[in-house]
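Read the structure below first, then the notes.
The values are calculated or read from the model by the stated rules, or taken from the named source; none is laboratory data. Keep in mind that this is a model prediction, so the values were computed, not measured. Cβ: placed from backbone, ideal geometry, glycine included. Neighbour counts: every protein chain shown.
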Amino acid sequence: MILDWLPSPEGEFELAILPAEWLESMILIDQSEAPRDWVVRNEAVGLRAERYSLYLARSLNPSARVLWIAAETDRLGYDIELQAEGVVTAIEVKASTSKAVRFFLSDTEWSTAARLGDAYVVQFWGGVDLGAPAQNDYQRLRAEGYPIEFKNPIASIDQGSLISKPVNWEIMSNPLDGTNET
């Protein structure tokens with residue numbers, strides 16, 4: 001670590017004085033940096049897929065009420081709500097530029113899927129092409145069989161047709177060891 005080899009003044013607190021250009025290069029000063037290209041691309045892919053799912057839901061269910069929940073909040077654990085003939089379906093939209101079926105569920109999405117069971121559907125759009133006009137891309141994806149739907153993904157995991165693995169771990173101090181500050 002850089003601070004381990006820098007000399008620092010003696011005293012109650014050890015300090016290291018770093019040249020400003022080092023701090024700037026370590027991004028300790030300017031936190032307003034624009035998002036990386038991949039973040040912007042992933043958001044664009046996700047937004048396009050949500051619009052595809054909205055269009056699909058409205059075209060297949062012209063008398064249904066279709067709400068774009070994600071346009072207002074991400075706290076409900078799904079993106080689109082379809083209300084048709086007294087049945088409410090929560091649709092979570094996942095998308096990728098790759099055709100490989102692989103997506104992540106947030107803790108909120110997971111718990112919502114578990115709570116709603118068969119009323120929760122994940123729609124996966126694979127092979128999204130941001131370079132193509134949206135209408136052409138949508139028509140191509142529909143012709144290829146997208147979206148792939150996973151009704152009640154938690155049950156599908158339990159039955160073995162989908163697999164899941166933890167990819168993040170929250171680490172915190174143990175409240176039982178007496179070192180936790182309150």
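Conditions first: (1) of a type outside the set (Gly, Ala, Ser); (2) in a helix (DSSP H, G or I); (3) more than 27 Å from Ile154 (Cβ to Cβ). Leu116 passes all but one, so which condition is the exception?
Every listed condition holds for Leu116 apart from (3).
Under the condition of being aromatic (Phe, Trp, Tyr) and either more than 16 Å from the chain's Cα centre (by Cα) or under 24 Å from Ala84 (Cα atoms) (or both), which residue from region 104-120 is surrounded by the most Cβ atoms within 10 Å (Cβ to Cβ)?
Per the stated criteria, the residue is Tyr120.
Inside region 67-109, can you point out the residues that are of a type outside the set (D, E, K, R), without any contact (Cβ under 8 Å) to a residue 24 or more places away in the chain and assigned to a loop (DSSP other than H, G, I, E, B)?
Thr73, Gly86, Phe103
So for region 133-149 (the condition being surrounded by 12 or more Cβ atoms within 10 Å (Cβ to Cβ), touching a Lys or Arg at 6+ places or on another chain (Cβ under 7 Å) and within 23 Å of Asn42 (Cα to Cα)), does at least one residue qualify?
Looking for residues that are surrounded by 12 or more Cβ atoms within 10 Å (Cβ to Cβ), touching a Lys or Arg at 6+ places or on another chain (Cβ under 7 Å) and within 23 Å of Asn42 (Cα to Cα), one finds at least one in region 133-149, hence yes.
Just checking, which of Gln123, Gln135, Gln159, Gln139 is more than 18 Å from Arg75 (Cα to Cα), under 20 Å from the mean Cα position of the chain (by Cα) and either polar (S, T, N, Q) or at pLDDT 95 or above (or both)?
Only one candidate passes the filter, namely Gln123.
Name, by its number, the condition in (1) over 15 Å from the mean Cα position of the chain (by Cα); (2) closer than 18 Å to Arg51 by Cβ that does not hold for Ala100.
(2)
Looking at region 55-66, is at least one residue without any contact (Cβ under 8 Å) to a residue 60 or more places away in the chain, at negative phi, in a strand (DSSP E or B) and surrounded by 15 or more Cβ atoms within 10 Å (Cβ to Cβ)?
Checking region 55-66: at least one residue is without any contact (Cβ under 8 Å) to a residue 60 or more places away in the chain, at negative phi, in a strand (DSSP E or B) and surrounded by 15 or more Cβ atoms within 10 Å (Cβ to Cβ).
Is it true that Val128 is part of a loop (DSSP other than H, G, I, E, B), β-branched (Val, Ile, Thr) and surrounded by 14 or more Cβ atoms within 10 Å (Cβ to Cβ)?
yes
Kindly check whether there is at least one residue in region 160-181 that is of a type outside the set (Asp, Glu), part of a helix (DSSP H, G or I) and under 24 Å from Ala44 (Cα atoms).
no
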